[in-house]
Structures are given as structure tokens and as C-alpha cells.
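S.K.: Sharing a structure here in C-alpha cells format.
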Amino acid sequence: MSTINTFLRILSNISGVVAMAFLAFLMFGITADVGSRAITGNPISGVFEMSELSLVMIVFLGAMWAQDDRAHIRVNILSNRLTGLPHRVAMAFAWGCGALALLMFAWPATQEAIYSVSIWEFRWGFIQFPIWWTKVALAVGLWLAFVQMTVHAIRAFLEGEPDIASHGAPHGASHGPEA
């Protein structure tokens, strides 16, 4: 299980770095576009289209990173009252339901990505912009998050949930109290 966790952590970090690169594009690209519009009256070609796609990349590639960092919003009012096996079963069930939801999104997203690549899909905006690659990344992000959440469900059942206060956030992020 340690090897799987290490592999998932590496994939999570890679997807997180890619998501942050798209976030950097949003910050700097939109700033440059606003500056261009203010100075010349014309936008930078493709920034609007790339901004739309960047939002998709940030969400779906960042999901795995957020899960690894335990940054998703959780309501644990019931699970905090449980201990031992009932707590492990409840947490495994909850993470398993999350994994199932991701699976239900990943499968049709994969079918759509395959179709999109087969026709080299693009969209018309200010410029013709390919979108097939974002559909592929979206499907990959969903599958990776599904695998990670499935492993998390198994770990929650076998080992229990680590306490954030004693365990600390995996990437050094600080977490406030959970709802």
C-alpha cells in the first residue's frame, strides 16, 4: 500500500503543478489581456478561449491534489462521534461513495474525450481553438481522482482516518477546523 500511496502522491503533485501553471496563466494572461485592451483597444488573441479551458484544467487536475492534501470540504459531525470499526466503516463508505461518483463522471468523460480526439474537436471564438486536449485531461483527472479516492476508502477501512491535528497536512498546508 505504501508503494501505491507514493505513486499516487507523485501523480497528485504532477497534476497539481500543471493545475497551478494554468492558474498562473489565468493571472498573468488575463492581466496582460486587460493591459492590452486598455492600451491598444484590442485583446490578445486566444486569451479568452485559453482562460475558459484553464478553468477546466484547474478544477479537474487540481481535484487529486486537493484530495491528497485533504483540502476538500467535509462535514464530519456524525463521523467524529464514532470510533473504532464503526468509524472506519462509515469513512470507507463515504470515500467509496465519492469514488463511485467520480467513476460515474469519468466514464462518460472518457467516451466524450475519445470522440473529441477522433474529430480533433475545436471551438470557434475569436480564433479557432482546439479543445480535444482539455477533454482528455478532464477524463484523466477524473480517473486519477477516482483511483485515489478508492485507495483512500480502502485505507480508511483498514487503517482508519488520520487525525489532521496530529497527522498534519501532507503538503504542509494548514487546515482550519472542519465543519
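S.K.: Separation between the residue 118 and residue 36 pseudo-spin-labels, each 7 Å from Cα along Cα→Cβ, expressed in nm?
M.R.: Going by the 7 Å Cα→Cβ label model, 3.6 nm.
S.K.: In segment 16-106, which trypsin sites (Lys or Arg not before Pro) are in a loop and have at most 16 other Cβ atoms within 10 Å, using DSSP for the loop call?
M.R.: Sites meeting the loop and neighbour criteria: 74.
S.K.: Follow-up question, since we're still on this one. Charges only on Cβ, +1 for Lys and Arg, -1 for Asp and Glu: so what's the dipole of segment 2-161 about the Cα centre, in debye to the nearest 20?
M.R.: Computed charge dipole of segment 2-161: roughly 360 debye.
S.K.: A further question follows. Taking R0 as 30 Å, what FRET efficiency do you get between residue 154 and residue 27 from their Cβ-Cβ distance, rounded to the nearest 0.05?
M.R.: According to the calculation, E is roughly 0.20.
S.K.: In addition: Calculated from DSSP H runs of 4 or more alone, at -39500 (n - 2.57) each and per residue, what is the 222 nm mean residue ellipticity of the chain, nearest 500?
M.R.: The helix contribution divided over the chain gives -25500 deg cm²/dmol.
S.K.: Now, a different point. Using +1 at the C-beta of Lys and Arg and -1 at the C-beta of Asp and Glu, which of 55, 150, 79 has the Cα lying farthest in the positive direction of the dipole of segment 2-161?
M.R.: 79
S.K.: May I ask you to derive the relative contact order of the chain, considering only C-alpha pairs under 8 Å and at least 6 residues apart, and to give it as an integer percent?
M.R.: 28 percent
S.K.: Just name one of 94, 120, 66: the one whose Cα is farthest towards the positive end of the charge dipole of segment 1-143 (beta-carbon charges, Lys/Arg +1, Asp/Glu -1).
M.R.: 94
Rule-based calculations on the coordinates, nothing more; no lab input. None of these values were measured; they are calculated from a predicted model. Don't worry about glycine lacking a Cβ; one is built from the backbone with ideal geometry, like all the others, and counts go over all protein chains shown.
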